[in-house]
């Protein structure tokens, strides 16, 4: 396809493709199903945007990241691509109706998996000439994935309603069993598989044990003072994000801010923009921050609390060094950390008392059709309500003779066993003091370490507090105020 580069330049202003982009795009244009695992920051969005413009019809892009949808739509419009829209909960009723009335005019429609479940919307999309179904963050569809969302499980059926258009599944991190699950749940037929390695050779890896929480705080301050900036500090709770950000501001000369899901949308957006523009040097955040954040010059990612699985760790540490310069991943841990991730796993699911209460209420009312709002009205939080809704409907559609309460509790126990297995895998990797950390990390994803970088990891030998790196320093250039303003408003100079 000799004109691909020409279209790439005309539509997006790029002179050449990044690694694997061309192969993915060519397979999509050949109407093949494609599963792709490529690193965050490697240009995933172009892999569906270019084919969407090239092919006749409308591309449907499913994404759980509402802010990223809006950002991509604005960026496309600002480079002259106007026939694009995002349909999600950010819109008011009038805006939603306007988009639904003009569906056939768009080349790309971004939509959340929750919106795609609504019968009115799915019916209208099914009447379109759908050129491509792209599923971003596709690992969310797998019950074995680290960010499983029940709403994603309906995408396979929605695809059938659309007439089984070619499907592109994209993710940055997926173990072999997750890849198989994604392909199965999306009803993909003999898909082309294009996968990058999860290895990031420019990122050194350390897992450092401390005696207690206070020692971890001391180490955090030491790393903050000595490592090149900007940097990210991942924590397990909202309160800790705020506490550590305040500590860094008080104990060092660097700017720091907290970011978590409990903040208002306006505050989160402000912190995000300040971090992207290097006005905030260190961000202390929960896992609510990261997906869809395109900041190439992050020099370190420090885990103050370790995540519940290796997939999350790889995805989070991979936010460092996307510009290719030397960067650091540091994980601090102590014996006192043992209980917190286990409590988090328990909190992810409704309790047995909640399951019993909701099931008996729904059975007593003999509801044929229920909504998430109905379940929330009984006192459950959003994530638990979605879980209950999905598995209540699944129980109704099965030939199982179990009571709904027993059926849902069996699902919960199975999911918990898997999550505790993944947590043990993470903790075994942390406690390993014999084998190269990079090697054992890659083995989790079915890969082999082909070349050992230098520096590699704390097992192979690395100083606990690396000095400033010349490459990293070179990447931190002065940004004129005009360029900062263009970046803030997503404009091109």
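The values are calculated or read from the model by the stated rules, or taken from the named source; none is laboratory data. Note that this is a predicted model, so its numbers are computed, not measured. Ideal geometry is used to build each Cβ from the backbone, glycine not excepted, and the neighbour counts take in all protein chains shown.
Observations
- Positions within segment 165-196 being under 30 Å from residue 332 (Cβ atoms) and either in the same structural domain as residue 303 (by TED's automatic domain parsing) or in contact with a strand residue (DSSP E or B) (Cβ under 9 Å, 6 or more places away or on another chain) (or both), in sequence order: 171, 172, 173, 174, 178, 196
- Enumeration of residues in segment 253-269 that are closer than 27 Å to residue 381 by Cα and surrounded by 16 or more Cβ atoms within 10 Å (Cβ to Cβ): 258, 259, 260, 263, 268
- Inside segment 200-216, residues that are touching a strand residue (DSSP E or B) at 6+ places or on another chain (Cβ under 9 Å), surrounded by fewer than 20 Cβ atoms within 10 Å (Cβ to Cβ) and not in a loop (DSSP other than H, G, I, E, B) make up a count of 3.
- Yes/no for residue 353 being over 24 Å from residue 287 (Cβ atoms), in a helix (DSSP H, G or I) and modelled with pLDDT of 85 or more: yes
- For residue 449, the conditions (1) surrounded by 15 or more Cβ atoms within 10 Å (Cβ to Cβ); (2) at pLDDT below 85; (3) closer than 24 Å to residue 314 by Cβ are fulfilled apart from (2).
- The residues of segment 112-156 that are closer than 20 Å to residue 56 by Cα and in a loop (DSSP other than H, G, I, E, B), listed by number, are 127, 128, 129.
Conditions (1) touching a residue at least 40 places away in the same chain (Cβ under 8 Å); (2) closer than 30 Å to residue 338 by Cβ, marked per residue:
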| site | (1), (2) |
| --- | --- |
| 130 | yes, no |
| 134 | yes, no |
| 141 | yes, no |
| 153 | yes, no |
| 173 | yes, yes |
| 206 | yes, yes |
| 214 | no, yes |
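- Scanning segment 217-238 turns up no residue that is out of contact with any helix residue (DSSP H, G or I) (no Cβ under 6 Å at 6 or more places or on another chain), outside the structural domain of residue 318 (by TED's automatic domain parsing), crowded, with 22+ Cβ neighbours inside 10 Å and more than 27 Å from residue 31 (Cβ to Cβ).
- For segment 364-376, the candidate set comprises residues that are surrounded by 16 or more Cβ atoms within 10 Å (Cβ to Cβ) and under 28 Å from the mean Cα position of the chain (by Cα); within that set, the residue that is modelled with the lowest pLDDT is 372.
- Matching option when the condition is farther than 30 Å from residue 153 by Cα, touching a residue at least 24 places away in the same chain (Cβ under 8 Å) and more than 23 Å from the chain's Cα centre (by Cα), among 226, 250, 202: 226
- Test result for residue 44, under 21 Å from residue 191 (Cβ atoms) and at pLDDT below 95: yes
- Matching residues in segment 218-237 - criterion: being part of a helix (DSSP H, G or I) and touching a strand residue (DSSP E or B) at 6+ places or on another chain (Cβ under 9 Å): 219, 220, 223, 224
- Of the residues making up segment 319-363, those that are under 22 Å from the mean Cα position of the chain (by Cα), crowded, with 23+ Cβ neighbours inside 10 Å and under 21 Å from residue 428 (Cβ atoms) are 329, 330, 331.
- When 89, 190 are screened for being part of a loop (DSSP other than H, G, I, E, B) and out of contact with any helix residue (DSSP H, G or I) (no Cβ under 9 Å at 6 or more places or on another chain), only 190 passes.
- For residue 466, the conditions (1) at pLDDT below 90; (2) surrounded by 17 or more Cβ atoms within 10 Å (Cβ to Cβ); (3) outside any loop (DSSP other than H, G, I, E, B) are fulfilled apart from (3).
- Meets criteria (touching a helix residue (DSSP H, G or I) at 6+ places or on another chain (Cβ under 6 Å), surrounded by 23 or more Cβ atoms within 10 Å (Cβ to Cβ) and assigned by TED's automatic domain parsing to the domain that holds residue 176) for residue 29: no
- Test result for residue 197, outside any helix (DSSP H, G or I) and surrounded by fewer than 16 Cβ atoms within 10 Å (Cβ to Cβ): yes
- Within segment 51-73, the residues that satisfy the criterion of being in a helix (DSSP H, G or I), under 22 Å from residue 276 (Cα atoms) and in contact (Cβ under 8 Å) with a residue 24 or more places away in the chain are 66, 67, 68, 69, 71, 72, 73.
- Within segment 41-63, considering residues that are farther than 18 Å from residue 10 by Cα and crowded, with 20+ Cβ neighbours inside 10 Å, the one farthest from the chain's Cα centre (by Cα): 58
Here's the yes/no breakdown for (1) free of Cβ contacts under 8 Å to residues at least 60 places away in the same chain; (2) touching a helix residue (DSSP H, G or I) at 6+ places or on another chain (Cβ under 8 Å); (3) assigned to a loop (DSSP other than H, G, I, E, B); (4) not assigned by TED's automatic domain parsing to the domain that holds residue 124:
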residue	(1), (2), (3), (4)
15	yes, yes, yes, no
24	no, yes, no, no
43	yes, yes, yes, no
49	yes, yes, no, no
75	no, no, no, no
97	yes, no, no, no
110	yes, yes, no, no
